[in-house]
Amino acid sequence: MTGPQGERSTLTRADRVAAVINEVSSPILANPAVSIAIGASTGSWPWTVAATVFTGLLPAGVIFGSLAARRISDHHVTDRDERPLVMAAILSSLLIGLAVTVVGGAPAPVIGVVAAMLATLAILAAITIVGRWKVSVHSAVWAGIAAMLTMTFGLAAAPTFLLVPIVMWGRVRVRDHTPGQVIAGAVAGCLVAGSVFAAVAI
């Protein structure tokens, strides 16, 4: 395989697999998916749709709108300096979503998933902005998802934890994060999302 100037590509099969993993595990896809799964478990489709809008569609709009306006360089928001504004906008969407679901009397699991995402992103934003350290959002999201799905559906959903190290490997392999950053993200996601979801939904 050759590049634009005829140079041979240095990408390996592992690099290509990691790139695919990074795309399919993107929080843009993962967050609405878990909102739908947990919302559907309550049988309330109106609240499932509402939660998905605030946790998935609006945040995706923020990211792709910022990309179109050239405020960010890629949809993974790889540049740490580009993350604060995006995180603030998504936090606003989640905060409004939490207010709507609480005031509207949504089922506890729906409120729980929104609250868990809000708390997790708040912690990640603090680490990124105050600590100036690019902790992995991918890893945090998937660890949180595994925790919430297991609490919702029981041991049948526990294998989702096996996806977390795969996502972590992908983030390190494409050199978007260090091993420390993906480990910190996974720990934060599991502990924060898991504890908040358990407190609100269980």
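Close Cβ contacts (under 9 Å, 6 or more residues apart or on different chains) running from residues in region 59-71 that are within 17 Å of D81 (Cα to Cα) and part of a loop (DSSP other than H, G, I, E, B) to residues that are modelled with pLDDT under 95 and not charged (D, E, K, R) comprise R71/L85. Please work out which residue is farthest from V86 (Cα to Cα), limiting yourself to region 129-146 and to residues that are among the small types (G, A, S) and not in a helix (DSSP H, G or I). If we take residues in region 129-146 being among the small types (G, A, S) and not in a helix (DSSP H, G or I), then G131 is farthest from V86 (Cα to Cα). All conditions but one from (1) assigned to a helix (DSSP H, G or I); (2) touching a helix residue (DSSP H, G or I) at 6+ places or on another chain (Cβ under 7 Å) apply to A106; the one that does not is (1). All but one of (1) touching a Gly at 6+ places or on another chain (Cβ under 9 Å); (2) under 29 Å from R16 (Cα atoms); (3) surrounded by 15 or more Cβ atoms within 10 Å (Cβ to Cβ); (4) among the hydrophobic types (A, V, I, L, M, F, W, C) hold for V167, so report the exception by its number. Going through (1) touching a Gly at 6+ places or on another chain (Cβ under 9 Å); (2) under 29 Å from R16 (Cα atoms); (3) surrounded by 15 or more Cβ atoms within 10 Å (Cβ to Cβ); (4) among the hydrophobic types (A, V, I, L, M, F, W, C) one by one, V167 breaks only (1).
Restricting attention to region 146-164 and to residues that are farther than 15 Å from S26 by Cα and touching a residue at least 40 places away in the same chain (Cβ under 8 Å), the residue that is surrounded by the most Cβ atoms within 10 Å (Cβ to Cβ) turns out to be M148.
Residue-level analysis places R83 among those that are out of contact with any strand residue (DSSP E or B) (no Cβ under 6 Å at 6 or more places or on another chain), among the charged types (D, E, K, R) and assigned to a helix (DSSP H, G or I).
May I ask you to list pairs of residues, at least six apart or on different chains, whose Cβ atoms are under 7 Å apart, with the first in region 21-34 being among the β-branched types (V, I, T) and the second being at pLDDT below 95? Close Cβ pairs (under 7 Å, with a partner that is at pLDDT below 95) amount to I28/H75. The set of residues in region 125-145 that are surrounded by fewer than 24 Cβ atoms within 10 Å (Cβ to Cβ), in contact (Cβ under 8 Å) with a residue 24 or more places away in the chain and not polar (S, T, N, Q) comprises A125, I127, I129, R132, W133, K134.
Of the residues T78, T52, T101, only one is polar (S, T, N, Q) and outside any helix (DSSP H, G or I); which? Result of the check over T78, T52, T101: T78. Scanning region 42-89 for residues that are within 14 Å of the chain's Cα centre (by Cα) and among the basic types (K, R) returns a single hit, R83. Among the residues of region 34-72, those that are closer than 17 Å to L118 by Cα and β-branched (V, I, T) comprise V34, I36, I38, T48, T52, V53, T55, V62, I63. Selection of region 176-200 for residues being free of Cβ contacts under 8 Å to residues at least 12 places away in the same chain and not hydrophobic (A, V, I, L, M, F, W, C) yields T178, P179, G180, S195. Residues that are at negative phi, in a helix (DSSP H, G or I) and modelled with pLDDT under 95 do not occur anywhere in region 147-159.
Could you look through region 177-202, keep only residues that are at pLDDT 95 or above and in a loop (DSSP other than H, G, I, E, B), and pick out the one that is surrounded by the fewest Cβ atoms within 10 Å (Cβ to Cβ)? Ranking the qualifying residues of region 177-202, first place goes to T178.
The values are calculated or read from the model by the stated rules, or taken from the named source; none is laboratory data. All of these numbers come straight from a predicted model, not from anything done at the bench. Here Cβ is always computed from backbone atoms with ideal geometry, including for glycine, and neighbour counts include all displayed protein chains.
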